[in-house]
Amino acid sequence: MAEVKNPPIEDIGEQMEVRRRKLAELKGAGQSIYPNDFKPTHTASGVAAQFGSLADEELVAAVHDIRLAGRIMAIRSFGKAAFFHIQDRRGRLQVYARKDRLGEEGFALFQSLDVGDIVGVWGHLFRTKTKELTLEAQGLRLLTKCLRPLPEKWHGLADVEARYRQRYLDLMVNPEVREVFEKRSRIVRLLRKFFEERDFLEVETPMMQAIPGGAAVHHPSQYVGHGPLLARGAGAFLETFTGRRFRASL
């Protein structure tokens, strides 16, 4: 994982002010600032799985109305054209923006965008000279303006303290961390299904409590969370489990 440093606090403040000014200008121009009616037809990984193996000629004849929504993670501008990468919940995809495709208004909107903004784009697929699968944008919409800049070098976040204090950044820029969260969610879902199929009842109990209970406690400073669960299971229900720790009571 590459080391990434946060910009100085004064730089963050200046960048946030610039982003707020852009947002105000868009609002003054009548743009819908936080629209909720954009409906993607694909995810980034879905596009790669469905169209990644097609030959260049087959891509031309493929679906032309690919609609994606995601966060801009990088922008490379070349005057009247630009490449940028968007990241959704399933991966990343490169997008190609051209002034003659987006039109004056659309390209002006694109030029006001920053890394971190969430956008919706639509268009058709092609491959670049380097054979990277790319969406040529026929249109785009700003869905959410990111007012706080991402860390420098958006491909990683290595500072341990920053990762735990700003978990949203960790999830945003480190794909392997998102994978861990997704796997945990699937494991929790599987465990819950296992107990429910066996007629266990899920109950909510305190994770930590100041009053000792349940198992033998040898020091008054100890905190235990399984006492209420066992008492509830014996007193009212025969088979229970708590979803946060998946401790079962028979």
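The values are calculated or read from the model by the stated rules, or taken from the named source; none is laboratory data. Because the structure is a prediction, the values reported are computed rather than measured. Methodologically, a virtual Cβ is constructed for each residue, glycine included, from the backbone with ideal geometry; neighbour enumeration extends over all protein chains shown.
Listed here are the residues, each with its yes/no results for (1) at pLDDT below 55; (2) crowded, with 16+ Cβ neighbours inside 10 Å; (3) not aliphatic (A, V, I, L, M); (4) not assigned by TED's automatic domain parsing to the domain that holds residue 90.
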| site | (1), (2), (3), (4) |
| --- | --- |
| 191 | no, no, no, yes |
| 194 | no, no, yes, yes |
| 208 | no, no, no, yes |
| 212 | no, yes, yes, yes |
| 230 | yes, yes, no, yes |
| 236 | no, no, no, yes |
| 242 | no, yes, yes, yes |
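A count restricted to region 73-86 and to residues that are modelled with pLDDT of 90 or more and assigned to a loop (DSSP other than H, G, I, E, B) stands at 2. Determine whether residue 173 is of a type in the set (A, V, I, L, M, F, W, C) and out of contact with any Asp or Glu (no Cβ under 6 Å at 6 or more places or on another chain). It is true that residue 173 is of a type in the set (A, V, I, L, M, F, W, C) and out of contact with any Asp or Glu (no Cβ under 6 Å at 6 or more places or on another chain).
Answer yes or no as to whether residue 70 is part of a strand (DSSP E or B), small (Gly, Ala, Ser) and farther than 21 Å from residue 145 by Cα. When the stated conditions are applied, residue 70 does not pass them.
This table checks each residue for (1) at pLDDT below 90; (2) loosely packed, with under 15 Cβ neighbours inside 10 Å; (3) of a type outside the set (Gly, Ala, Ser).
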site: 124; (1), (2), (3): no, no, yes
site: 142; (1), (2), (3): no, no, yes
site: 149; (1), (2), (3): yes, no, yes
site: 152; (1), (2), (3): yes, yes, yes
site: 155; (1), (2), (3): yes, yes, yes
site: 164; (1), (2), (3): yes, yes, yes
site: 180; (1), (2), (3): yes, yes, yes
site: 188; (1), (2), (3): yes, yes, yes
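For region 87-115, the set of residues classified as crowded, with 20+ Cβ neighbours inside 10 Å and either outside any helix (DSSP H, G or I) or of a type in the set (S, T, N, Q) (or both) consists of 87, 93, 95, 97, 113, listed by residue number.
Restricting attention to region 3-31, and to residues there that are among the basic types (Lys, Arg) and touching a Pro at 6+ places or on another chain (Cβ under 9 Å), which single residue is modelled with the highest pLDDT?
Result: 19.
How about region 36-49: which of its residues are under 15 Å from residue 68 (Cβ atoms), in a loop (DSSP other than H, G, I, E, B) and of a type outside the set (S, T, N, Q)? Hits for region 36-49 are 38, 39, 40, 42.
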